[in-house]
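**Q** Can you keep this structure in mind? I'll have questions shortly.
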Amino acid sequence: MKKIRNGIKEHPVYVKAGVILLATVLCSACLYLLDNGDRVRTDQSGQAVLERGALGEDIVQKMRVRIGEDKEEKSIDISVTGREYTSEELKEAFTRAAEKLEKYIMGENKSPDEIRCDLNLITEIPDTGISVSWELDRYDVMDIKGKLQEEKLTEEGTNVRLTATLSCEEEREIREFYIRVFPPVKNREEAVMEELDKEISKADEQTKTEQYLVLPDSVDGEEVKWRYETRTRAAALLVIGIGTACLMAVSETQRKKEAEKKIVRQMKLDYPKIINRFNLYIRAGMTIRKAWFSIAQDYENKKETGEEKKKRKAYEEMVSAMYRMQSGAAEGECYENYGTRCGISTYRKFGTMLSQNLRKGTKGLTDILGREAEDAFEERKNLAKKMGEEAGTKLMIPLFLMLIIVFAIVIIPAFFSIQV
């Protein structure tokens, strides 16, 4: 149990990510059950029914259908029209509905220049209740309901003119459409689905004034079973939750890397100062231990007075080594551990150098420290140059944004002046 608590304290971001992931899975499961737990309603006779929408509001219901016992389920979109409008509502919708007539009659066809499926020559425009009557100039290739007469069609295509008369009370409007009809390309399965669609349309016409659309229970001699189309909102929520959890984990890892990078950079900047001060104290006649304590205590005093607001790892490790030496730890071992705990080659070299000179004596230490200070100063200059280059690179992004804004300020007014 103690190990688990320690693990939670050491890796809080993974705990948060895990909680988000678990909550997402639970919410997705609940949403999936909510979306897909509905059962198809039936009427008193046991046939499947779909509830209509509000007055004049069409509903497209995605359903799954199985025709026959051993057949595969198919997806089908069923358009359930709303209840009929009043005469006043029909008048207001007349003009708008007339302009959409071509789209309504196309059925499964993509273009009027290539008609290969039956047209949906509706007798009433959806959403309006406006009645439509049709006239064709070629009844030999298509009947008044839009059904293709396949035996009369040729691969060269046949031009047909459709004349639609829209009427509502005393209002009339005539629209003409020109199409080119070709023989249909369909297999047995498509023919059955097409027949099912016709049965649905027929049932829809017969139950317009009722609350429900009665779905057919058989087509072409085979049993039809219905169920609602699977809804995918739960999957979307699951993907969003998993993505959020992963982003949290990645961002926390990246944040730690950036923090470690800043610490390492600060330690590299502090190293020349530590070496120079240490060399100065040794030249002034201090022992290695006393020089060490002097630097560490000076850092602690600055922290107490508020002069040093941020922790600096190099100095913090010096203070830690000072306390260990005061507690009786071996001085040379503390210097070597200092370099190891800092984790940078220059500090390891510094700790090893002090430990070796402690055993050999301080003779020649000032010369070694002097050379080390020169090398550290050169490294610090290189680091400062590198930081300047990185800062310049980061400034390129706002500069590019400013350039885009300037271009927009100059080009957009010029563009509008040309348009005028």
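**Q** I'd like the full set of residues that are surrounded by 12 or more Cβ atoms within 10 Å (Cβ to Cβ) and of a type in the set (D, E, K, R), limited to the stretch 236-258.
**A** Of everything in the stretch 236-258, just one residue is surrounded by 12 or more Cβ atoms within 10 Å (Cβ to Cβ) and of a type in the set (D, E, K, R), namely E252.
**Q** Additional query: For the stretch 151-165, does any single residue satisfy the condition of being open to solvent by less than 30 Å² (accessible area, probe 1.4 Å), in contact with a Gly (Cβ under 6 Å, 6 or more places away or on another chain) and in contact (Cβ under 8 Å) with a residue 60 or more places away in the chain?
**A** no
**Q** Next question. Name the one entry in L369, L401, L365 that is in contact with a Phe, Trp or Tyr (Cβ under 7 Å, 6 or more places away or on another chain) and either modelled with pLDDT of 70 or more or loosely packed, with under 10 Cβ neighbours inside 10 Å (or both).
**A** L369
**Q** Name, by its number, the condition in (1) open to solvent by less than 90 Å² (accessible area, probe 1.4 Å); (2) at pLDDT below 85; (3) under 44 Å from the mean Cα position of the chain (by Cα) that does not hold for E171.
**A** (3)
**Q** Kindly establish whether A245 is among the small types (G, A, S) and in contact with a helix residue (DSSP H, G or I) (Cβ under 8 Å, 6 or more places away or on another chain).
**A** yes
**Q** Right, another one. Could you check K303 against (1) over 51 Å from the mean Cα position of the chain (by Cα); (2) open to solvent by 60 Å² or more (accessible area, probe 1.4 Å) and say which number it fails?
**A** K303 satisfies every listed condition except (1).
**Q** Going by the conditions given, is S201 open to solvent by less than 80 Å² (accessible area, probe 1.4 Å) and modelled with pLDDT of 85 or more?
**A** The answer is yes for S201.
The values are calculated or read from the model by the stated rules, or taken from the named source; none is laboratory data. Remember, it's a predicted structure, so these values are computed and weren't measured experimentally. Here the Cβ is made from the backbone with ideal geometry for all residues, glycine too, and neighbour counts use every protein chain on show. The accessibility values were calculated without ligands, DNA or RNA, using every heavy atom of the protein model including side chains. Shrake-Rupley method; radii C 1.70, N 1.55, O 1.52, S 1.80 Å.
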